[in-house]
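To keep things clear, I will list the structure first and then write my remarks on it.
The values are calculated or read from the model by the stated rules, or taken from the named source; none is laboratory data. On a predicted model such as this, the values are computed, not experimentally measured, just so you know. With ideal geometry, Cβ positions are generated from the backbone for all residues, glycine too; neighbour counts draw on all protein chains shown. For accessibility, only protein heavy atoms count, side chains too; no ligands or nucleic acids. Shrake-Rupley method; radii C 1.70, N 1.55, O 1.52, S 1.80 Å.
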Amino acid sequence: MQDNQLPPLPAATTPSPPAAADTPPAAHADFLILGAGAAGMMAAAACGELLNKRRHPPIRIVVLEKNPRPGIKVLVCGGGRCNVTNAGDLDYLIAQFGRNGRFLTPALQALDNNALRTWLAGHGVPTHEEHDGKIYPDSNKASSVVNAFLDAMAEAGVEVHSGADHAAADVTHDAADGKFVVRTSGGAVWRAGVLLICVGGQSYTRMGTTGDGYRFAAALGHDLVTPRPAIVPLLCKQAWISELQGLAVPDVEVRIESPGPLPRLATGKPAPSINDLLFTHFGLSGPAVLNLSEIVAELLEKFPDLTLRIDFARHSPRDELSARIRRWHDTDGRKLARTMLAEIVPQRLADMICRLSGIDDAGICSQLSAGQAHAIVEHLKACRVTVYATRGFKEAMVTAGGVKLDQVNPKNMESRICPGLLLAGEVLDLTGPSGGYNLQLAFSTGYLAGITASRLIRNPAAPGMV
Ligand SMILES: Cc1cc2nc3c(=O)[nH]c(=O)nc-3n(C[C@H](O)[C@H](O)[C@H](O)COP(=O)(O)OP(=O)(O)OC[C@H]3O[C@@H](n4cnc5c(N)ncnc54)[C@H](O)[C@@H]3O)c2cc1C
């Protein structure tokens, strides 16, 4: 299949809603998966590859997806290039998930970044490493990743039913026979012995992820850590910021000047955050602030605003910068201050720092006052901006919070509250920083859920599954 083409979806076989208002007959699935995102597609493929390639008649693995086709969120990942994972060993990956990282150990042992790359290569998607350990498909197309999963699911006999009518609307557990009952928006009813909830979080809602999984998990007796936006751009008060929109500044250090104690990190990226910064028409974005944004969101629940301190010249100490500006004054007196400053930061930022330091466009180095030289150093080393809001769930790349981890067995992704129920991906209280960690989390937990489903189906009475 060509990389830039999505295959036609298999015809949906969900029973049509009944003409009468009474309950329609339920369709049966051995393994029912809610959500064909990263976790759901991996779980379906892993379970199907284990069971259906050897078994006749095949077990029935069914995926219900709200969007018109599977993997739509994966298609937008990494700007359409799909940063599938990150290089680094197991401990490094676990550390990225902060306070909850240890939960991921068994899932990463089942499918770590190298195993994921091998899986993708085995399905026709070789990958390569780029800056900061980010791993991308050689095709540089997210569609090649989604197509690999569509092929794998089709070959493993997985049925995918996608479109608004197939969205799961509510989920219950029938205590009489231990089956899960899922009603769809279109009125169909599914019954399954093993159910996987992997409908993602509630961020980037236009991609279909509207927090349904939290509702389903709560209905089945689970508690939630309050969902909040993460990896989300920040709104700032200073008007000058918007004038720099579109400007990316590499390798800056950003710290939160917290009005209170910093919350414990959920994303695992220690403050300060060191990475690239992007100015936007509303404030700040880019990995340097995105990776702090979850903590910012948490602090903004308590305080009306907070200050970020940005170091644009983190490799140069203050006294070195002060001495450099004195040299401009003494030996480059006729040169424009803005031209000299552009040797340290991009020209547009240099112009803005001059303006903020009271130096006009024609200001030359010999005219710099001690106060202006000091102001330049301050703006380079400790530029303070006031953040008053995040762009919210609508623009957050992931949702922090979710189903409490002590209610899920990390060894198999099975609920400790409701046997036979599996949970994977962003619906769980796990969040990584940007850099491929969140897809790895979804693929690893989805894979482990798929393996668990195959065991539960082969031997439903197997002890020790929970
Ligand atoms: C713009 C953007 C870029 C990103 N780039 C990267 C990146 O490069 N690398 C990275 O690691 N992470 C990236 N992420 C994060 C990554 O997309 C998620 O962490 C990951 O997709 C989560 O996987 P998941 O399977 O848990 O959920 P999702 O992939 O979100 O899949 C959930 C699926 O469930 C479906 N669904 C929702 N409700 C229902 C329902 N009621 N019934 C049926 N189906 C339902 C949704 O339509 C969706 O298809 C990015 C996110 C965004 C928004």
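Here are the numbers for the structure shown:
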item	result
Paramagnetic reach from K53 (point 7 Å along Cα→Cβ, amide N under 12 Å) across region 100-133	119, 122-123
Taking N as its residue count, the alpha carbon Rg of region 379-457 over 2.2 N^0.38 Å	1.50
Surface per residue (accessible, 1.4 Å probe) for the chain, Å²	40
About the Cα centre, charge dipole magnitude for region 233-391 (Lys/Arg +1, Asp/Glu -1 at Cβ), debye	120
Residues of type aspartates and glutamates that K141 reaches as a straight line, Cα spacing below 18 Å, ignoring anything fewer than 8 places off in the same chain	D3, E129, E130, D151
Viscosity 1.567 mPa s, 4 °C: Kirkwood-radius Stokes-Einstein D of region 233-391 over Cα pairs, µm²/s	80
Relative contact order %, region 207-343, counting alpha carbon pairs below 8 Å whose residues are six or more apart	27
Cα centroid separation, region 310-387 to region 94-144 (Å)	42
Within the accessible area of region 233-391 (1.4 Å probe), percent carbon and sulfur	51
Candidate lysines for bridging to K381, where Cα separation is under 22 Å - those fewer than 8 sequence places away on the same chain excluded	K237, K269
Alpha-carbon spread of the chain, three principal axes, descending order, Å	85, 45, 43
Accessible surface of K73 - all protein chains present, 1.4 Å probe, nearest 10 Å²	50
With all protein chains modelled, accessible area of W328 [1.4 Å, Å²]	10
Full-stretch length increase - M207, D223 - with 0.36 nm per residue and alpha-carbon distance subtracted	3.3 nm
Solvent-accessible surface ranking, highest first, for T339, T118 at 1.4 angstrom	T118, T339
Mean Cα-pair separation over length for the chain, i.e. relative contact order, pairs under 8 Å, 6 or more apart, %	23
Probe 1.4 Å - accessible area at D174, Å² to nearest ten	50
Candidate residues H28, H374, H123: accessible-area rank, largest first, probe 1.4 Å	H374, H28, H123
Cα gyration tensor shape of region 69-137, rounded if a/c is under 1.5, else prolate or oblate by comparing a/b with b/c	prolate
